[in-house]
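Single-structure report; data block below.
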Amino acid sequence: MNIPLNIDWQQILLHLFNFIILAGGLYLLLYKPVKDYMEKRVAYYQDLEDKAQEKLKSAEDIEAEYRIKITEVETEISEKRLKAARKAEEAAQQTIDEAKKQAEKIVADAKKHAVDERQKMISSAEKEIAELASSAAQKLMQESMDSTYEQFFESAKRR
Amino acid sequence: MSIKGRRSYLMGCGFILAALLVGIVLTNTSEGKSETVKEAIKDAVLHETNKVSFWGIKDVNPAFISAIMVTIVLLFVAALIRIFVIPRFTYVPGKFQLLLEQLVGMFDGLAKSNSPHRNGFLGAYIFGAGIYIFVGTIFELFGIQWITTEDMSIALPAPLSDINAAIALGCLSYLIILSGGIAGNGLRGVGNTLKDFSLPVSMSFRLFGSLLSGLLVTELVYYYISLSFVLPVIVGIMFTLLHALIQAYVLTMLTALFYGEVSEPHEKKNGGN
C-alpha cells in the first residue's frame, strides 16, 4: 500500500522501539536516581524540620506548663499573703482587745482605788473632823469654864 | 598586545579568511551538485531517494540513523553520569548536580502541576521525550556525514524531521495519555481519551512540521554558497535551538496536560448540590 508522505509502518515501529529503549534507559540511569536523591534530601530536611518542630512544641509545652505553675504559685502566694494579712489583722485585733481589756481593768482598778481612797479620806476626814470638833468643843468648854471662874474670882475680889 | 602585534594578527586573520573564500569559490562548481534544490527539499520531506542501509537489514530514512546515534550518545552520557556523578551528589549541590536536578525537577514539576493524581510514570515519560526532542533537534547542528545507498554523502538530519519518527512519538504520547485515562477512570478514561481522536495526528504533524521547517531552511541556506556566511548562525539559532526548546516543551506540556485531564478521578454529582 502506497501511503502518502512515504510513511513506513516498519520504520515507525523501529523509531518506537528505539525511543522506548532510550526512555527506559534515561529513566533508570538518570531520572530515577536523581529523583530518589532529591526525595532523600527532601526527607532529610523534612526530618530535621519535624525534629525542630517537635522540639519547639515540647519547649512550648514546657513553657505553658511553667506558666501554669507560675500562675498557681502566684495564686498561692496571694492566698498566703491574704491569709497572713488576715492573721496579722486578727492578732492585732486580739492585741487591741487585750489592751482594751487591760486598760478597762486598769481604769476599773483605778476607779475602785480612787473610790476606796476617797472613802478612806472621807472616813479619816470625818474622824479628824470629829476629833477636831470634840477637841474644839473641849477647848470651848474649857475656855468658858475658865472665864466663868475668872469672872467669879474677879467679882469676888471686888467685893 | 602592542599595536604592531595587533596589526600583524589582524593581517593574518584577513589572509586566512581570503584564502578560505578563494578556496570556497574555486571548489564550488555547479557541475559538482548532484541534485537541484527542488530535489533536495523534496527528498528532505519524502525521503524517496536518500536512503541509508541499516546494517544491511533494511534501507531506512537517514533520520533513523540519527535517532539511533542520539539514543547511543544519550544513554552513554547517562551511564557516565550515573556511574561518576550521581554517587558523588551532596545535599548542597554543585553546579552540574544543580543542572541535573533542575532538569529532572522541571519535568517532574510539569507532570505534577498538570496531572496531580497520577504523575509518577508521566514524569518519567515526558523526561525521556523532552530530552529526546531537544537533543535530537540539536543533533542536526553537528552535520554528521553518512553515506546513502546511492553512495552520496548526506548530513544526518534531526530524528524527528522524519515523519515516521514524529508519528511514532505522537502516537506513543497518545497511548500514554490513554493509559493514564484507563488507570485513572477505567472505561470512562478510555472514552475521554478517544474523544480527542485528532490528538495523535496533531501531535505527530506539529512535531514533524516544526522540525521539518528547520531542516528545509537549513537545506536552502546551505544549498546556495552566497547564503553560507553569517546567515547559518542566525538560522541555526532560530530554526534549531528555538525549535529544540519549543517543541520539547510543547509536546511534553501537551502530553502532561491531556494525561492530567483524562486521569483526573471522576466526581459523582451529588443530588442537591
Problem set entry | the range A:29-49, residues that are facing chain B (nearest Cβ under 8 Å) and over 60 Å from the mean Cα position of the chain (by Cα) | A:Leu29, A:Leu30, A:Tyr31, A:Lys32, A:Pro33, A:Val34, A:Lys35, A:Tyr37, A:Met38
Exercise. Within the range A:24-39, can one find any residue that is of a type in the set (Ser, Thr, Tyr) and farther than 30 Å from B:Asp108 by Cβ?
Worked result: no
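For (1) under 33 Å from the mean Cα position of the chain (by Cα); (2) at pLDDT 85 or above; (3) in a helix (DSSP H, G or I), each residue gets a yes or a no:
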| position | (1), (2), (3) |
| --- | --- |
| B:Met1 | no, no, no |
| B:Gly12 | no, yes, yes |
| B:Leu20 | yes, no, yes |
| B:Gly23 | no, no, yes |
| B:Val45 | yes, no, yes |
For this session: Go through the residues of the range B:122-130 one by one and say whether even a single one is closer than 15 Å to A:Phe19 by Cα, free of Cβ contacts under 8 Å to residues at least 12 places away in the same chain and open to solvent by less than 70 Å² (accessible area, probe 1.4 Å).
Result: yes
Exercise. Right, A:Leu56: facing chain B (nearest Cβ under 7 Å) and hydrophobic (A, V, I, L, M, F, W, C) or not?
Worked result: no
Exercise. Any idea which of (1) buried (at least 17 other Cβ atoms within 10 Å of the Cβ); (2) in a loop (DSSP other than H, G, I, E, B) is the one B:Met203 doesn't satisfy?
Worked result: (2)
Exercise. Within the range B:32-64, can you find the residues that are more than 9 Å from chain A (Cβ to nearest Cβ), more than 17 Å from B:Tyr222 (Cα to Cα) and open to solvent by less than 40 Å² (accessible area, probe 1.4 Å)?
Worked result: B:Asn50, B:Val52, B:Pro62
Seminar exercise, completed: Counting only residues in the range B:145-172 that are more than 15 Å from the chain's Cα centre (by Cα) and either among the hydrophobic types (A, V, I, L, M, F, W, C) or part of a helix (DSSP H, G or I) (or both), the one farthest from A:His15 (Cα to Cα) is identified as B:Met152
For this session: Return the only residue of A:Leu48, A:Leu29, A:Leu22 being under 30 Å from B:Ile133 (Cα atoms), open to solvent by 30 Å² or more (accessible area, probe 1.4 Å), assigned to a helix (DSSP H, G or I) and aliphatic (A, V, I, L, M).
Result: A:Leu29
Exercise. Quick one: how many residues across the range B:133-149 are within 14 Å of chain A (Cβ to nearest Cβ) and open to solvent by less than 10 Å² (accessible area, probe 1.4 Å)?
Worked result: 2
For this session: Could you identify the single residue in B:Ile177, B:Ile246, B:Ile167, B:Ile163 that is farther than 23 Å from B:Asn61 by Cα, modelled with pLDDT of 85 or more, of a type outside the set (Asp, Glu) and buried (at least 19 other Cβ atoms within 10 Å of the Cβ)?
Result: B:Ile177
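Let's see how each residue does on (1) part of a helix (DSSP H, G or I); (2) surrounded by fewer than 21 Cβ atoms within 10 Å (Cβ to Cβ); (3) among the hydrophobic types (A, V, I, L, M, F, W, C):
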position: B:Ser66; (1), (2), (3): yes, no, no
position: B:Val73; (1), (2), (3): yes, yes, yes
position: B:Leu99; (1), (2), (3): yes, yes, yes
position: B:Gln102; (1), (2), (3): yes, yes, no
position: B:Phe107; (1), (2), (3): yes, no, yes
position: B:Lys112; (1), (2), (3): yes, yes, no
Problem set entry | Tally of residues being over 22 Å from B:Leu20 (Cα atoms) and acidic (Asp, Glu) across the range B:193-229 | 1
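The values are calculated or read from the model by the stated rules, or taken from the named source; none is laboratory data. These numbers come from a predicted model, not from an experiment. Methodologically, a virtual Cβ is constructed for each residue, glycine included, from the backbone with ideal geometry; neighbour enumeration extends over all protein chains shown. To get the accessible areas, we keep the full protein, side chains included, count just its heavy atoms, and leave off ligands, DNA and RNA. Shrake-Rupley method; radii C 1.70, N 1.55, O 1.52, S 1.80 Å.
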